[in-house]
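The values are calculated or read from the model by the stated rules, or taken from the named source; none is laboratory data. Treat the numbers as computed from the prediction; the structure is a model and nothing was measured. Quick reminder, even Gly has a Cβ in these numbers, built from the backbone with ideal geometry, and neighbours come from all protein chains shown. Note: accessible area is taken over every heavy atom of the protein model, side chains too, but ligands, DNA and RNA are not part of it. Shrake-Rupley method; radii C 1.70, N 1.55, O 1.52, S 1.80 Å.
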Amino acid sequence: MDFTFISGNPGLDLAGTVGHRRHERWELLESPDDLARWTVAAGLLDAPPAVDPTALVAARDLREAIYRLARASCDGTGYGRADRELLNQMAAGMPVGVRLDDGASVRRVGDLATAMATVARESVELLGGPLARKIRECDEEQCTRLYLDGSRHRSRRWCDMRECGNRAKAAAFRARHRT
């Protein structure tokens, strides 16, 4: 399955590498290679970093902490201490390095630790800033993807109109025309 980046924040996109958390849960980061590919697809690094099984577990732990913290923001409940501590610990690492190359292009260099530190920093900025109140969970029944609602009246309902929104509208149409 391909990665999608529709959440508006790299931490929320990392959290989106698990789908349908309450139903038929599926995992996009099954192997170290999957995580290496994700860092490139997310635009964090230009080349896939080395990832071992231990680093994959740590990245998944970060992902789950970000998910729980973002859900707490949605629900208006307090942030869990262990999740905050893990996020802060990861954010304290060195971020991805950026360089301007001869062709006036940005080069993103680093390893998995720098990529995860960058994700953690972005998550700290999100969860501790004014955008935290714009975090939403998709209204589609099975989807548990989190996203930033940038709509004018904070009325966005689905993580992605092409998938979840289309499914919901088609189901509503079928329901209306069944009777």
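Summary of values
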read-out	value
Some residue of region 30-49 being touching a helix residue (DSSP H, G or I) at 6+ places or on another chain (Cβ under 7 Å) and more than 23 Å from Thr4 (Cβ to Cβ)	no
Region 4-26: number of residues that are more than 15 Å from Arg68 (Cα to Cα) and of a type in the set (Ser, Thr, Tyr)	2
Region 6-23, subset aliphatic (A, V, I, L, M) and surrounded by fewer than 22 Cβ atoms within 10 Å (Cβ to Cβ), residue farthest from Leu44 (Cα to Cα)	Val18
Answer residue from region 89-142, given it is touching a Gly at 6+ places or on another chain (Cβ under 6 Å) and over 14 Å from Pro49 (Cβ atoms) and is most open to solvent (accessible area, probe 1.4 Å) among those	Glu122
Unmet requirement for Arg145, which otherwise passes all of (1) open to solvent by 50 Å² or more (accessible area, probe 1.4 Å); (2) among the basic types (Lys, Arg); (3) modelled with pLDDT under 95	(1)
Identity of the residue in region 26-82, of a type in the set (Lys, Arg) and more than 19 Å from Arg121 (Cβ to Cβ), that ends up nearest to the chain's Cα centre (by Cα)	Arg71
Residue in region 80-88 that is among the polar types (S, T, N, Q), open to solvent by 70 Å² or more (accessible area, probe 1.4 Å) and at pLDDT below 95 present	no
Residues within region 83-108 that are hydroxyl-bearing (Ser, Thr, Tyr) and either within 19 Å of the chain's Cα centre (by Cα) or farther than 18 Å from Ala42 by Cβ (or both), tallied	0
